[in-house]
1. Starting from the Cα-Cα distance between Leu131 and Val9, subtract it from 0.36 nm times their residue separation and give me the gain in nm to one decimal.
2. With θ taken as phi - 60° and the coefficients 6.51, -1.76 and 1.60, list the Karplus ³J(HN,Hα) couplings across the stretch 104-114 in order, rounded to whole Hz; mark glycine and proline as x.
3. Highest mean first, what order results for 138-149, 164-175 on Cβ atoms within 10 Å?
Amino acid sequence: MWLFSRDPVRDFPFELGQPGPDPDPDPDPDPDPDPAPLWRLLRGRRKADGAPVSVFCHSLVPGDAAATALARAALKRLRTLRHPNVLGYLDSLETEQSLYLVTEEVTPLRRHLRLRPPTGAMGEQEVAWGLHQLLTALSFLCSSGLVHHALGLGAIYVAPGGDWKLGGLERAAATSDGAPPRPPGTPPRPQDPPELSDPARGQGEPW
């Protein structure tokens, strides 16, 4: 009797971008990026109707269990959290080589601001509305008993309609867990919250 292994990608209801460089990279990258980004953002589409989606791809590199655990934690959080200002989860798939997270179509905030720099009164209103949506998402996390722990430009995305979406939930944890320790070998960065270097400063209100 012949046994044939099924290709999980072929049966997946979304067409996935091939693993590789970001198809539309930012020519002005973060001057202080994470040493090993968890995700590559690829384009995709729904097979049923051709609707565009975003595909976050994490390579399952042997010996990097910590990074894979963070990627799976982000997937789990997005799957269970539903809010208009949180990145919208659609589906996910894990193969032997990669972990795919399919979400609504979005653009990283850093790239959005480069392509459409906010100028004048309309630009100020756009940014103010985006910050309002971001704070609404953080308030939702707080009311759910969670703290983000990794808020920054890399955790914010923009939908085609201009709405800001909160992502980057790899380190989100229960408020009762306290501030997470700084990952080993990671130097401090200006945007890091002070409780990363001094956990005692993280005690008090969740915000």
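1. 40.2 nm
2. Here the 3J(HN,Hα) series is 4, 5, 9, 10, x, 4, 4, 6, 4, 5, 6 Hz.
3. So the peptides 138-149, 164-175, ranked by packing, come out 164-175, 138-149.
Every read-out reported here was derived from the displayed coordinates using simple, explicitly stated rules and does not represent laboratory data. Only a predicted model underlies this, so the values are computations on that prediction, with no experimental measurement involved. For neighbour counting, all protein chains shown are included, and Cβ atoms are generated from backbone atoms with ideal geometry for every residue, glycine included.
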